[in-house]
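Here the structure comes first, spelled out in structure tokens, and everything after it is commentary.
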Amino acid sequence: MIKAILIFNNHGKPRLIRFYQYFAEDMQQQIIRETFHLVSKRDDNVCNFLEGGSLIGGSDYKLIYRHYATLYFVFCVDSSESELGILDLIQVFVETLDKCFENVCELDLIFHMDKVHYILQEVVMGGMVLETNMNEIVAQVEVQNRMEKSEGGLSAAPARAVSAVKNMNLPEIPRNINIGDINIKVPSLSPF
Amino acid sequence: MSDVVEKTLTALPSLLSLDSQPGSAKLSSTSKLGNLIRGITELTSKHEEEKLIQRELASIKEQVSSPNTSMRQMKELMVRAIYCESLGYEASFSYIHAIKLAQQGTVLEKRVGYLAVSLFLNESHELLLLLVNTVLKDLQSTNLIEVCMALTVVSQMFPKDMIPAILPLVEEKLNHPKEIIRRKAVLALYKFYLIAPNQVQHIHNKFRKALCDKDPGVMTASLHIYLQMIQENPEGYKDLTASFVTILKQVVGGKLPMDFNYHSVPAPWLQIQLLRILSLLGKNDPSTSAIMYEVLDESLRRAEMNHNITYAILYECVKCIYTIHPKSDLLEKAAKCIGNFVLSPKINLKYLGLKALTYVVQQDPKLALQHQMTIIECLDHPDLIIKRETLELLFRITNAQNVVVIVKKMLEFLRISTDDYTTIDLVGKVAELAEKYAPDNEWFIETMNTVFSLGGDMMQPDIPNSFLKLLSEGFDSVEEDRKLRLFAVDSYVSLLQGEPGKLPQRFLQVISWVLGEYSHLKEELEPAIVLRLLAKLLDMKQTSSETKSWVLVAMTKLCEGRAGVSVTQEVSETYSSSMDTVLRQRAQELQYLSQDSELRGRVLFRDTGLEPLEVDSSLSFLDGFVSEALATGAAPYKPPHQRQEELAQAKALSLEPYGLSLPISMSSCSINDRQSPTLLSMSSGLSGDSADLSHKGGSTTLKLDGVKRVWGREGYLAQREAVEEAAQVEVPSPLRSPSQQVDADSSHSQTPTLTPTPEPEQEKQQLASSLFFGLSSQSSVCLMGKSEPMPQRFRRKAKGQSSSSGATEQISTSLVSTPTNVDNLLCHNPLDSNITSELAVSPSAQTSELSQGLTTANGTCEIEVELSDSNIKGSNPSLIGDNDLVAADPAAHEDPDRPKDFFISHLPAELSELCHSEITPLCTIQSLDLSACHVQKEDSLVLVIFISNSSDSAIQHILLDLDSEQIEVSCVSDSPVEDLTGHSVAVYQYSLTVKTPSVHVEVVGTVSYQLPVETSQAVQFSYKLPLTSFIRPLAVSTEEYGTMWLAFSHDTKQNLTLISDGQGSLTATLNVLKRKLQLHVVEIIGMEGILSCRLLQDQPCLMHCRVHAGTLAVWLRSPVPDLPDCLIYHCQRALQEH
């Protein structure tokens, strides 16, 4: 389970804070500070995993982070999550942000904190990975945004794109958008 | 890093002035949030920021509470409040408005409201109750976005008590046509499962339905639930193994639609999740593991190394292969994979490779040997995390030969580590290793000294405690004890003569205790010198008062002779007027005892170290005092649990007048304060006062039971040998013994990089040979022979050795290390697969048989115990059939028909009259058949185990050993059968009593036996039965019921469904409960009914039912914790199945 998702900038200013496990307000701030302290002193050429922030809970917990330009994206997870899996989830999240904000930058995160939260809600729900397909996430967010213009409901929303429903025995569901290979223009994967 | 995101905060002000930039173009210049943010970025100090935010908050506060604020404005205000909160400023006034916004706004405003609520509040916040209605309304909304929002907020947090209110609605959403809703509903249910597992017990089959959902996304979501449930109870879901394997096969085979691909890897996260589930299912279970070998092989093959995410899959695959029952060719491939990871230049992969190595190294130490040079390189890696992981790996392979080198490396790391968490962790590990494998006294004491000085005051208090215990208890040889203590004294005296100011408090405490106890061993050392050294500690500024009291106690032990008295006199005078009462007391003691040497001799006699003290645990010497106190009107002593119950009763508005009671705080006065010096000094010989009890309590709280102190005895037995060997390791080549030569040779052949060596390379090689010493096969065998087992973090190897040394074989837990052994095992133990397939009989199958058995049993009492899981078995295949998911049928289980009738005739005569459960096979090994059933007697429950021997030869030394966490098992038979001749049956009876109630209780047992001419063997089995088997009616009158009701403290309430029957539905419902659960209906008055029952032996539980708004409001009370919860669960099931 994901216990917390923290985004802060190079100076430790929190940009998005989401806890999936309850911590008191001052504890949360302390965790943010400690995490920043741990993460910020690491070079870019070391590994993306950290163990044991003592605050958030002992040896079972790991910090998995990525550093993009001015921002640190830190996921705090327990042992039931795969390290590399989460690392790529961060990438998916950032690419999604990039798609939604058209070249995302720190300012977008500051001024549209609520939107970032909505996007995150479609990726991770209650600490559980909900969706990892970028197009699907973007589709969900756009449906919601369209509500701004008309409050029509989800019915017009595109369902998950279908491309090749082969003879998979998981029964078929109409998927009507064919998205080719995802063209990633933003954040190149940080060197592994 | 990407240059697209190159807009740093430092550039922010200029960006804001230039509106042409894309980031700022999106901001409306009039936006208040924009203004706020702009304001904050222009600030220079934290103080100014605080002032600005406070001003902002004040203005938000004013606006939100103004009646003229529209919802639209409210939305904007809420975002500002969220922003302030995320900076760490509290905006609690806005919470209620957030809830209001979620309740009343349009969809978009609602969205902000929900977001604010989920960021501001937590599960236990009282305002959250106000949200329940909104969530209820939105769940029923036709607007899908509203439903989504409600589900999202529910999965973030929801008050536990209110779950029943929305549960049906969320359940309903599992059938929703939109997959996104179904997916979110599954995750919401998972959340419920996490916070209140009992509430969702009844919808487990719906989880199965979600697993078979036609949308892979929903299926993926349901895996979260399964991962959790299987982690808790792997036995219960073995039947799903084949389904998971099929799903994984299809995913790996690319049968999923393209858009589940991520970088052209099919659904990697799904694969990872499935692999985790499989490894849990296959653990210690050969037959289940066998199902997955093929797909694991396929996964390994398919995951071509081209992207990060494939490494993630590979890593999970490898872990799974090493967790489940081993298969040699898979292990080989996995080992190769680990090799690739470790050797990878990518640092993340290296990290995971080390982790994987750490995980497997105890099964397969050779693997570490292969990569020894890489590991050595990692020890000097610039990344501390990698270094730490390497040390963790080395920790796992430490043995008596390489301990010196490894501990040295760990200490080196400790010196540079700045992270508290790492320090605490490593210090513990070093201490553990030092205790276990120390080659000699000097090394041990010096290592512990370093541990104490580096660990400082952060380290676990266990470490100094166990160290002192080790010193004081000593070992077999008196002479060795003396030497060790003497060395410690020497070392500490010289430390104190140095710069004691730099030592941490804990270390000073240890030092003063040791000096107080043992400095007399060193005859040439004047006590006065030690006293002066100790007195110096007292004068230091940084010495804490706790340490001071340790020092004073040590001085008390030492003060004899002229010179001593003068020092102590001065000290005791200083501290007799201390503000600290403890210090004052110690000082007083010191004063008196130093003056009265006769008294001192009596109180602090020496050299009785290990004589057990006579403890008057009944405190009879206090009898006089107590009776006097009682005579003057004190309340009699009540044990804590009684007091607690009374307290709970008081909370439940007791109408009875208050009795006379005085506050008694005996329990609150801490009698086992571990760090108090008295405690430790007493263990060396203080006796005779009332604090003896605390000594007793204290020594048991020293958590040493779990710690294997190999070093204690073994270290000394093997000491000389070990020293020699270690010495040889330090000095390479020429001095090596033949076995080491072989060792070195083998490492040469395995790592070609070793061969021709430049200078630094040779150094590393030496390090390698000393680190990995004792890991190659030959020496590890002899190691295992002489030292005690390593801590069992992972399943140990040692199969081969243990069988050859004639020890008992634990088939179900043993694992093999080398490929050749695997083959052996598979050939020589045809029983393996047998056993586990029998054991794999899922509880659902077992229990459904049980229930059949009960209904068909001849009825002296007409009960019909319906077991909880019985319907799952039935519903499962059909569900899967509906969704045409192939091969999803549950794992085939052996037909258990045979034993049923066969054993009934063997049921003891006195039991055959009573109703008994179906006879269930437990396990079968070769010619031995184990079956069991339980018989409900009026006052007890008897577990009957049948062992039948179908072979011709006799089976000897049968030993049954039963154990359970929840119940107490006692043997009924006087002299259990030990030898069983051919073709006969032995019957064992056990009486069961519940210790702690739980919905189902499980008895785990081991049977060991010996066939003629073979070594003895052991097999594990388990038997599960519902709590209802222990429930008996309790006949009480309504008056008795009334008084009991008030006296019980543990209760639970829940609404149950009523059974609508022609006649009074209350009566019908209660009759069902009476029949199925053996409850006694005390009385039914109008719409209310009261029932009672008891849990064997004599633990009552009372039930009060009231019909309210079409449901049955049930309130259960009992003096036993958990009993009401368990019972309500069974009531729920009983009514559902009706």
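Quick one: which of B:Leu227, B:Leu194, B:Leu187, B:Leu223 is within 27 Å of A:Gln144 (Cβ to Cβ), open to solvent by 10 Å² or more (accessible area, probe 1.4 Å) and not polar (S, T, N, Q)? If you could, list the steps in order and put the result at the bottom.
On the way: B:Leu227 fails: within 27 Å of A:Gln144 (Cβ to Cβ); B:Leu187 fails: open to solvent by 10 Å² or more (accessible area, probe 1.4 Å); B:Leu223 fails: open to solvent by 10 Å² or more (accessible area, probe 1.4 Å).
Being within 27 Å of A:Gln144 (Cβ to Cβ), open to solvent by 10 Å² or more (accessible area, probe 1.4 Å) and not polar (S, T, N, Q) holds for just one of B:Leu227, B:Leu194, B:Leu187, B:Leu223, which is B:Leu194.
Residues of segment B:56-91 being more than 13 Å from chain A (Cβ to nearest Cβ), of a type in the set (Ser, Thr, Tyr) and surrounded by 15 or more Cβ atoms within 10 Å (Cβ to Cβ), which ones?
Initially, segment B:56-91 is screened for residues more than 13 Å from chain A (Cβ to nearest Cβ), giving B:56-71, B:73-74.
Cutting the leftovers down to of a type in the set (Ser, Thr, Tyr) gives us B:59, B:65-66, B:69-70.
The answer is B:Thr69, and nothing else.
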message: Between B:Asn340, B:Asn399, which is at negative phi, open to solvent by less than 30 Å² (accessible area, probe 1.4 Å) and touching a residue at least 12 places away in the same chain (Cβ under 8 Å)?
response: B:Asn399
task: Confirm whether B:Glu412 is closer than 19 Å to B:Ser344 by Cβ, open to solvent by 20 Å² or more (accessible area, probe 1.4 Å), away from chain A (no Cβ under 14 Å) and assigned to a helix (DSSP H, G or I).
output: no
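Residues checked against (1) open to solvent by less than 20 Å² (accessible area, probe 1.4 Å); (2) more than 9 Å from chain A (Cβ to nearest Cβ); (3) on the phi > 0 side of the Ramachandran plot:
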residue	(1), (2), (3)
B:Met219	yes, no, no
B:Glu235	no, yes, no
B:Leu278	yes, yes, no
B:Glu304	no, yes, no
field: Yes/no for B:Gln1097 being open to solvent by 50 Å² or more (accessible area, probe 1.4 Å), part of a loop (DSSP other than H, G, I, E, B) and in contact (Cβ under 8 Å) with a residue 12 or more places away in the chain
entry: yes
statement: The number of residues in segment B:421-436 that are open to solvent by 20 Å² or more (accessible area, probe 1.4 Å) and either assigned to a loop (DSSP other than H, G, I, E, B) or more than 14 Å from chain A (Cβ to nearest Cβ) (or both) is 1
- request: Would you mention how many residues in segment A:87-117 are open to solvent by 10 Å² or more (accessible area, probe 1.4 Å), modelled with pLDDT of 90 or more and at the interface with another protein chain (Cβ under 8 Å from one of its Cβ atoms)?
  value: 0
statement: In segment B:440-489, anything touching a residue at least 40 places away in the same chain (Cβ under 8 Å), open to solvent by 30 Å² or more (accessible area, probe 1.4 Å), out of contact with any Leu (no Cβ under 7 Å at 6 or more places or on another chain) and more than 20 Å from B:Lys522 (Cβ to Cβ) is listed as B:Asp457, B:Pro461, B:Asp462, B:Asp476
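Give segment B:917-968 a look and list any residue that's hydrophobic (A, V, I, L, M, F, W, C), part of a strand (DSSP E or B) and surrounded by fewer than 19 Cβ atoms within 10 Å (Cβ to Cβ), or say none. I'd like the intermediate steps shown before the answer.
Pass one, segment B:917-968, residues hydrophobic (A, V, I, L, M, F, W, C): B:919, B:922-923, B:925, B:928, B:930, B:932-933, B:935, B:941-947, B:954-955, B:958-960, B:962, B:967.
Filter once more, keeping what is part of a strand (DSSP E or B): B:922-923, B:925, B:928, B:930, B:932-933, B:935, B:941-947, B:955, B:958-960, B:962, B:967.
Matches in segment B:917-968: B:Leu959 only.
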message: Please go through segment B:103-149 and give me each residue that is among the polar types (S, T, N, Q) and closer than 21 Å to A:Gln21 by Cβ, ordered by number.
response: B:Ser118, B:Asn122, B:Ser124
- request: Would you mind stating whether B:Asn175 is out of contact with any strand residue (DSSP E or B) (no Cβ under 7 Å at 6 or more places or on another chain), more than 12 Å from chain A (Cβ to nearest Cβ) and not in a helix (DSSP H, G or I)?
  value: yes
message: Whether any residue in segment A:55-65 is at pLDDT 90 or above, part of a strand (DSSP E or B) and within 8 Å of chain B (Cβ to nearest Cβ) is what I want to check.
response: no
task: Could you tell me whether B:Ala932 is within 33 Å of the chain's Cα centre (by Cα) and modelled with pLDDT under 80?
output: no
query: Of the residues B:Ser964, B:Ser953, B:Ser970, which single one is touching a Pro at 6+ places or on another chain (Cβ under 7 Å), modelled with pLDDT of 75 or more and hydroxyl-bearing (Ser, Thr, Tyr)?
result: B:Ser953
- prompt: Does segment A:139-155 include one or more residues that are within 20 Å of B:Leu151 (Cβ to Cβ), more than 10 Å from chain B (Cβ to nearest Cβ) and either part of a loop (DSSP other than H, G, I, E, B) or at pLDDT 85 or above (or both)?
  reply: yes
- request: Give segment A:123-137 a look and list any residue that's open to solvent by 10 Å² or more (accessible area, probe 1.4 Å) and either under 11 Å from the mean Cα position of the chain (by Cα) or more than 8 Å from chain B (Cβ to nearest Cβ) (or both), or say none.
  value: A:Val129, A:Leu130, A:Glu131, A:Thr132, A:Met134
query: B:Leu101 versus (1) open to solvent by 10 Å² or more (accessible area, probe 1.4 Å); (2) out of contact with any strand residue (DSSP E or B) (no Cβ under 6 Å at 6 or more places or on another chain): which is the lone unmet condition?
result: (1)
Subset of segment B:605-633 [at pLDDT 70 or above and open to solvent by less than 50 Å² (accessible area, probe 1.4 Å)]: B:Leu619, B:Gly624, B:Ala629
query: Which of the residues spanning segment A:21-46 are at the interface with chain B (Cβ under 7 Å from one of its Cβ atoms) and either at pLDDT 90 or above or over 27 Å from B:Leu352 (Cβ atoms) (or both)?
result: A:Tyr22, A:Glu25, A:Gln29
- prompt: Among the numbered criteria (1) touching a Cys at 6+ places or on another chain (Cβ under 9 Å); (2) farther than 19 Å from B:Gln1132 by Cα; (3) in contact (Cβ under 8 Å) with a residue 40 or more places away in the chain, which single criterion is violated by B:Asn198?
  reply: (2)
- prompt: Consider A:Cys76 against the criteria (1) more than 10 Å from chain B (Cβ to nearest Cβ); (2) touching a helix residue (DSSP H, G or I) at 6+ places or on another chain (Cβ under 9 Å); (3) surrounded by fewer than 23 Cβ atoms within 10 Å (Cβ to Cβ): it satisfies all of them except one. Which criterion is unmet?
  reply: (3)
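Scan segment A:4-14 for residues that are in contact (Cβ under 8 Å) with a residue 60 or more places away in the chain and either open to solvent by 20 Å² or more (accessible area, probe 1.4 Å) or facing chain B (nearest Cβ under 8 Å) (or both) and jot them down. Break it down into steps so the answer makes sense when it comes.
Step one: filter segment A:4-14 for residues in contact (Cβ under 8 Å) with a residue 60 or more places away in the chain, giving A:4-10.
Hits for segment A:4-14 are A:Asn9, A:Asn10.
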task: Please give the number of the condition A:Phe49 fails out of (1) facing chain B (nearest Cβ under 7 Å); (2) farther than 26 Å from B:Trp269 by Cα; (3) buried (at least 18 other Cβ atoms within 10 Å of the Cβ).
output: (2)
message: Within segment B:374-384, does at least one residue satisfy the condition of being open to solvent by 10 Å² or more (accessible area, probe 1.4 Å) and within 30 Å of the chain's Cα centre (by Cα)?
response: yes
query: Can you pull out the helices (runs of 4 or more DSSP H) entirely within segment B:26-121 that have at least 3 residues that are under 28 Å from B:Leu139 (Cβ atoms)?
result: B:71-86, B:95-104, B:107-120
query: Does B:Ile313 count as within 10 Å of chain A (Cβ to nearest Cβ) and hydrophobic (A, V, I, L, M, F, W, C)?
result: yes
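Picking from A:Arg33, A:Arg42, A:Arg18, which residue would you name as being crowded, with 16+ Cβ neighbours inside 10 Å and more than 16 Å from A:Gly127 (Cα to Cα)? Break it down stepwise before answering.
On the way: A:Arg33 fails: crowded, with 16+ Cβ neighbours inside 10 Å; A:Arg18 fails: more than 16 Å from A:Gly127 (Cα to Cα).
Every option except A:Arg42 fails the conditions.
The values are calculated or read from the model by the stated rules, or taken from the named source; none is laboratory data. From a predicted model like this one, the values you see are computed outputs, not experimental measurements. Every residue, glycine as well, gets a Cβ built from its backbone with ideal geometry; the counts of neighbours run over all protein chains shown. Keep in mind that these areas ignore ligands, DNA and RNA; they rest on the heavy atoms of the full protein, side chains included. Shrake-Rupley method; radii C 1.70, N 1.55, O 1.52, S 1.80 Å.
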